[in-house]
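Visitor: One structure, as structure tokens, below. Some questions next.
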Amino acid sequence: SGFEVWRSWDEPGGIRDELYQLASENPQLVKLVVLGHTYEGREIIALKLTQGARGIADGARPGVLHSSTQHAREWISTEVNRRLANWYIDQWRANNKEIRDLLRNNEMWFVVVANPDGYQYTFDHERLWRKNLRDNDGDGQITRADGVDPNRNYPEHFGYDEEGSSSQISSETYRGPSAGSEPETQAMMSLYDRADFSFHVNWHSFGQWLLTAEGWQIGTPTADDPIYYALSGNRDTPAIPDFEPGLSSDVLYVTNGETTDFAHSQGGALGWTPELGEGLPAGGGFVFPDDEAQVQAEFERVLPFALDVAKSAADPVNPVSHLG
Ligand code: 0X9
Ligand code: ZN
């Protein structure tokens with residue numbers, strides 16, 4: 001595709017090919033599941049990483065779900081998440097004892113491209129496309145009137161108000177015709193029937209925030225807040241350096257029909273939305289620089305937090321944090 005770092009979904013050697021390759025090269029550790037298909041027929045793919053992945057039932061071990069690229073243009077989320085999956089595989093192959101133990105006792109699930117139609121569209125047509133490719137007006141072509149925001153379509157406070165999502169088809173936060181109407185939403189939800197997640201990390205960009213559910217309102221503390229605090233850190237010592245932790249609706253804005261709200265309220269999982277950085281020095285906003293060193297640095301910045309989450313999955317009420 002002409003980039004140093006970024007690879008599309010469809011291209012030979014692209015992200016889809018990589019997921020199949022990781023599965024075929026690591027049969028003891030990796031199981032690939034096709035969760036569903038998009039409007040344009042692309043597969044929505046999850047990888048399960050656990051010791052003896054194909055010989056043990058899905059959901060047999062405590063799980064963490066890592067999703068990314070719900071928003072098509074947020075390419076840094078794609079890269080950070082695929083690097084995390086690759087890192088676990090590499091450590092397992094290198095016989096890192098700590099990671100071997102972790103992967104014997106837990107299931108790490110990855111949906112690296114939760115919105116493959118939109119992601120491919122950002123390579124082929126419009127770099128800043130956000131939504132999926134539902135043909136809202138039924139005219140047979142994709143225009144600004146089309147697409148549903150995958151992070152507004154979940155059956156949790158779906159359409160609760162016009163501030164947290166939009167009923168207008170051309171809006172960037174169009175929630176879709178009904179709760180869970182989109183194949184991308186259904187695919188992710190099917191994972192909750194399949195496995196047992198303690199945590200869901202839904203990588204997005206951009207901002208440098210570590211947002212916690214629930215995002216539809218700011219008023220009510222939840223019983224899980226101490227776990228969020230322990231794993232997120234605080235403003236002075238955030239679990240991801242230079243990121244601001246906090247309640248998503250408070251730090252950023254309210255949303256409804258949001259993924260991590262569904263995860264928390266209905267899926268039994270605590271949910272984070274890390275908003276990854278925009279790159280330095282000036283940054284590109286949603287267009288993170290095509291620079292291997294900066295992309296790798298962003299991955300390494302989040303790794304200690306991701307490992308804390310993994311180590312806490314088996315016993316979430318006693319979270320493990322590298323912050324001590
Ligand atoms: O609006 C979103 O879906 C996320 N931000 S983004 O710029 N990546 O689109 C934030 C979702 C976090 N939840 C809340 N802010 N309530
Ligand atoms: Zn996003």
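Visitor: Whether any residue in the stretch 162-175 is away from ligand 1 (no atom under 16 Å from the Cβ), aliphatic (A, V, I, L, M) and touching a Phe, Trp or Tyr at 6+ places or on another chain (Cβ under 9 Å) is what I want to check.
Guide: no
Visitor: Identify the residue in the stretch 170-223 that is within 16 Å of ligand 2 (Cβ to nearest atom) and aliphatic (A, V, I, L, M) and, among all such residues, is nearest to the chain's Cα centre (by Cα).
Guide: Val201
One line per residue, one yes/no per condition, for (1) in a helix (DSSP H, G or I); (2) away from ligand 1 (no atom under 16 Å from the Cβ); (3) modelled with pLDDT of 95 or more:
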position	(1), (2), (3)
Leu211	no, no, yes
Trp216	no, no, no
Gly219	no, no, no
Ala223	no, yes, no
Leu231	yes, yes, yes
Ile240	no, no, yes
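Visitor: Among the residues of the stretch 127-151, which ones are away from ligand 1 (no atom under 16 Å from the Cβ) and of a type in the set (Asp, Glu)?
Guide: Asp135, Asp137, Asp139, Asp146
Visitor: Right, here's the next one. So which of Gly257, Gly285, Gly279 is within 16 Å of ligand 1 (Cβ to nearest atom), loosely packed, with under 15 Cβ neighbours inside 10 Å, on the phi > 0 side of the Ramachandran plot and not hydroxyl-bearing (Ser, Thr, Tyr)?
Guide: Working: Gly257 fails: loosely packed, with under 15 Cβ neighbours inside 10 Å; Gly279 fails: loosely packed, with under 15 Cβ neighbours inside 10 Å.
Only one candidate qualifies: Gly285.
Visitor: From (1) within 19 Å of Leu84 (Cβ to Cβ); (2) not in a helix (DSSP H, G or I), pick out the condition that doesn't hold for Asn256.
Guide: Tallying (1) within 19 Å of Leu84 (Cβ to Cβ); (2) not in a helix (DSSP H, G or I), Asn256 fails exactly one: (1).
Visitor: Quick test for you: out of Ala114, Ala85, Ala72, Ala53, pick the one residue that is assigned to a loop (DSSP other than H, G, I, E, B), touching a strand residue (DSSP E or B) at 6+ places or on another chain (Cβ under 6 Å) and either closer than 19 Å to Phe305 by Cβ or within 16 Å of ligand 1 (Cβ to nearest atom) (or both). Steps first, please.
Guide: Details: Ala85 fails: assigned to a loop (DSSP other than H, G, I, E, B); Ala72 fails: touching a strand residue (DSSP E or B) at 6+ places or on another chain (Cβ under 6 Å); Ala53 fails: either closer than 19 Å to Phe305 by Cβ or within 16 Å of ligand 1 (Cβ to nearest atom) (or both).
Of the residues listed, the single one that is assigned to a loop (DSSP other than H, G, I, E, B), touching a strand residue (DSSP E or B) at 6+ places or on another chain (Cβ under 6 Å) and either closer than 19 Å to Phe305 by Cβ or within 16 Å of ligand 1 (Cβ to nearest atom) (or both) is Ala114.
Visitor: So how many residues does the stretch 189-230 have that are within 18 Å of Asp250 (Cβ to Cβ) and charged (D, E, K, R)?
Guide: 3
Visitor: Out of curiosity, is Ala187 away from ligand 1 (no atom under 16 Å from the Cβ), touching a residue at least 40 places away in the same chain (Cβ under 8 Å) and part of a helix (DSSP H, G or I)?
Guide: Against the criterion (away from ligand 1 (no atom under 16 Å from the Cβ), touching a residue at least 40 places away in the same chain (Cβ under 8 Å) and part of a helix (DSSP H, G or I)), Ala187 qualifies.
Visitor: Can you find a residue in the stretch 1-17 that is within 20 Å of Gln91 (Cα to Cα), surrounded by 20 or more Cβ atoms within 10 Å (Cβ to Cβ) and in contact (Cβ under 8 Å) with a residue 24 or more places away in the chain?
Guide: No, there is no match, as no residue in the stretch 1-17 is within 20 Å of Gln91 (Cα to Cα), surrounded by 20 or more Cβ atoms within 10 Å (Cβ to Cβ) and in contact (Cβ under 8 Å) with a residue 24 or more places away in the chain.
The values are calculated or read from the model by the stated rules, or taken from the named source; none is laboratory data. Here the structure is a predicted model, which means the values were calculated and not measured. Neighbour counts run over all protein chains shown; Cβ positions are idealised from the backbone, glycine included.
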